[in-house]
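Coordinate-derived values only; no laboratory data. Just so it is clear, the model here is predicted, and its values are computed rather than measured. So basically every Cβ, Gly included, is an ideal-geometry build from the backbone, and we count neighbours across all protein chains shown.
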Amino acid sequence: MSDSFTFQTNLLHNKHKIDPETGAVSVPIQHASTFHQYDIDTFGKYDYARSGNPTREALEDVIAELEEGSRGFAFATGMAAISTAFMLLSKGDHVVITEDVYGGTFRMVSQVLIRFGISHTFVDMTDLEAVKNAIQPNTKLFYVETPSNPTLKVTDIKAICDIAKEHDALTFVDNTFLTPEFQKPLALGADIVLHSATKFLGGHSDVVAGLAVVKDPELAEKFYFLQNSFGSVLGPQDSWLVLRGLKTLHVRMKQSVESAIKLAKFFEQQPLVRKVYYPGLESHPQYDIQQKQATSAGAVLSFDLHNEEIMRTFVNHVKIPVFAVSLGAVESILSYPAKMSHAAMPEEERTQRGITNSLLRLSVGLENVDDLIKDFSDALEKADQIHSIQSQG
Ligand SMILES: *Cc1c(COP(=O)(O)O)cnc(C)c1O
């Protein structure tokens with residue numbers, strides 16, 4: 001196999017590089033929903049496309065190799081991958097889960113799983129004592145997302161996996177923000193790694209998809225059973241889009257991270273910016289853990305402006321980034337967590353978590369970083385002018 005090569009090369013050099021039938025250098029998109037059986041008693045590899053489709057399987061093979069697991073699974077959305085993983089649990093089980101988990105996961109755990117008798121405790125996973133205190137006799141799962149959204153808190157993946165193993169529980173890690181390019185949760189002891197492939201893996205804001213990779217082959221069998229039972233699989237066209245996105249993951253991440261570091265340092269120096277959240281800054285409280293468990297801090301950062309008025313003027317004057325939900329795309333995306341990802345959270349709780357009415361999240365894309373800095377400088381200057389005019393008047 002290709003394991004003697006680097007990750008960068010493996011993105012392109014894998015067993016699906018060349019179609020064995022035709023020599024095509026792009027994975028064929030197989031739309032068939034059913035497959036002819038040549039023998040009444042012995043069916044071929046594929047029978048019905050929910051159970052298996054060659055294009056989806058190519059993506060599943062590729063992500064399994066990149067995440068260093070035994071088997072990959074592709075789903076219609078990130079939430080479908082995450083929800084299917086939760087179905088490994090049974091009535092009466094308990095989950096210890098990071099308090100600043102993705103909003104959709106929060107909703108799944110707190111409003112859906114609860115109806116099926118699966119309980120949970122939200123904890124600040126940067127506090128290992130709090131994690132230990134949350135454990136119950138029926139705790140079967142630890143659910144990690146790191147760095148977290150939108151304040152980029154970092155959880156020690158290996159420490160959580162060690163705690164989980166002591167209690168015979170599983171660990172799932174949502175690796176959407178860093179991707180296997182920078183962080184390999186399975187190598188750190190996790191059982192399942194989950195992705196919204198809508199973000200960096202797809203990378204072009206043109207596909208909604210989810211991926212899961214399971215480490216243990218036996219657990220992977222159970223997971224496959226659930227994928228087929230629940231049935232929220234990724235279609236062939238979308239599987240191909242994610243496969244194409246993956247080919248450029250390395251160059252995209254490299255460029256975006258380079259710019260993200262520069263932008264984090266730029267924002268840190270702006271008088272109108274109260275706080276910058278980026279695990280690549282030495283001032284970040286979990287900088288050392290981030291350095292230890294990942295090879296980069298990623299391409300997402302958040303910054304808090306002095307007040308909501310300044311934030312509004314700033315957003316109204318930036319020209320380059322799109323102002324939208326989502327992240328991990330070729331274009332920079334500026335988001336307003338208070339009104340977007342965390343709109344459902346009560347203001348008091350939001351503010352307590354640092355998600356103020358003046359916090360913005362930036363997913364850094366592939367634009368020239370000097371253009372981005374100029375754009376942000378100009379918008380900040382505008383905010384400064386308007387702000388001082390107002391305070392004079
Ligand atoms: C977007 C996102 C999800 C959900 O994925 P969808 O593809 O939108 O269903 C889960 N986790 C994280 C960290 C995300 O950013």
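The length gained by stretching the chain between residue 40 and residue 159 to full extension, at 0.36 nm per residue less their Cα-Cα distance, is 37.7 nm.
Modelled this way, with points 7 Å down the Cα-to-C-beta line, the labels at residue 292 and residue 229 are 3.8 nm from one another. Given the C-alpha centroids of the range 136-161 and the range 328-357, what is the distance between them in whole angstrom? Going from one Cα centre to the other spans 20 Å. Loop-located trypsin sites (Lys or Arg not before Pro) across the range 297-385 with a Cβ neighbour count of 15 or fewer within 10 Å are 319, 339, with loop assigned by DSSP.
Per-residue extension of 0.36 nm, minus the Cα-Cα distance of residue 47 and residue 115, leaves a gain of 21.0 nm for this segment. Residue-wise HN-Hα couplings along the range 82-92, as the Karplus relation 6.51 cos²θ - 1.76 cosθ + 1.60 with θ = phi - 60° gives them from phi, are 5, 5, 5, 4, 4, 6, 5, 7, 10, 3, x Hz; Gly and Pro carry x. Which pairs, out of 247/319; 153/262; 45/199; 45/184, put more than 22 Å between their alpha-carbon atoms? The answer is 247/319; 45/199; 45/184.
For the chain, a simple Cβ point-charge model (Lys and Arg +1, Asp and Glu -1, everything else neutral) yields a dipole of about 400 debye relative to the Cα centre.
Taking the Cα centre of the range 1-140 as origin, sum charge times position over the Cβ atoms of Lys and Arg (+1) and Asp and Glu (-1), and report the length of that vector in debye to the nearest 20.
In debye, rounded to 20, the range 1-140 gives about 440.
Each residue of the range 250-260 was assigned a 3J(HN,Hα) from its phi angle through the Karplus curve 6.51 cos²θ - 1.76 cosθ + 1.60 (θ = phi - 60°); the sequence is 4, 5, 5, 5, 4, 5, 5, 5, 4, 6, 4 Hz, with glycine and proline shown as x. Put simply, the C-alpha atoms of the chain give a gyration tensor, and the ellipsoid matching it has half-axes of 37, 26, 18 Å, longest first.
Qualifying trypsin sites (Lys or Arg not before Pro) in the range 71-123, where qualification requires a DSSP coil assignment and no more than 14 other C-beta atoms within 10 Å, comprise 91. A simple spin-label model places the labels of residue 381 and residue 6 3.9 nm from each other, with each point 7 Å out along Cα-to-Cβ. Within the same chain, aspartates and glutamates fewer than 8 places from residue 165 are excluded, and of the rest, those with a Cα less than 19 Å from its Cα are 93, 127, 129, 145, 156, 174, 191, 216, 218. Summing charges over neighbours of residue 304, with a neighbour being any other residue whose Cβ is under 9 Å away from its Cβ, gives +2 when K and R count +1 and D and E count -1. Couplings 3J(HN,Hα) of the range 58-70, computed from phi: 4, 4, 5, 5, 5, 5, 4, 5, 5, 8, 6, x, 7 Hz, in residue order, whole Hz [Karplus 6.51 cos²θ - 1.76 cosθ + 1.60, θ = phi - 60°; x for Gly and Pro]. From its DSSP helices (H runs of at least four residues, each -39,500 (n - 2.57)), the chain gives a residue-normalised ellipticity at 222 nm of -11000 deg cm²/dmol. The label point for residue 370 and the one for residue 127, both projected 7 Å from the Cα toward the Cβ, are 4.6 nm apart.
Between residue 99 and residue 325, take the C-beta separation as r, use R0 = 22 Å, and let me know the FRET efficiency to the nearest 0.05. That gives a FRET efficiency of 0.60. Taking 0.36 nm per residue of sequence separation and removing the Cα-Cα distance, the residue 343/residue 26 pair yields an extension gain of 110.0 nm. Beta bridges from DSSP with both residues in the chain: antiparallel share about 55 percent, rounded to the nearest 5. Residues whose amide H comes within less than 5 Å of that of residue 197, counting only those at least five positions distant or on another chain, are 78, 209, 210, 211 (H built at 1.01 Å from N in the peptide plane).
Projecting the Cα positions of 154, 20, 366 onto the charge dipole of the chain (unit charges on Cβ atoms of Lys, Arg, Asp and Glu, taken about the Cα centre) puts 366 furthest along the positive direction.
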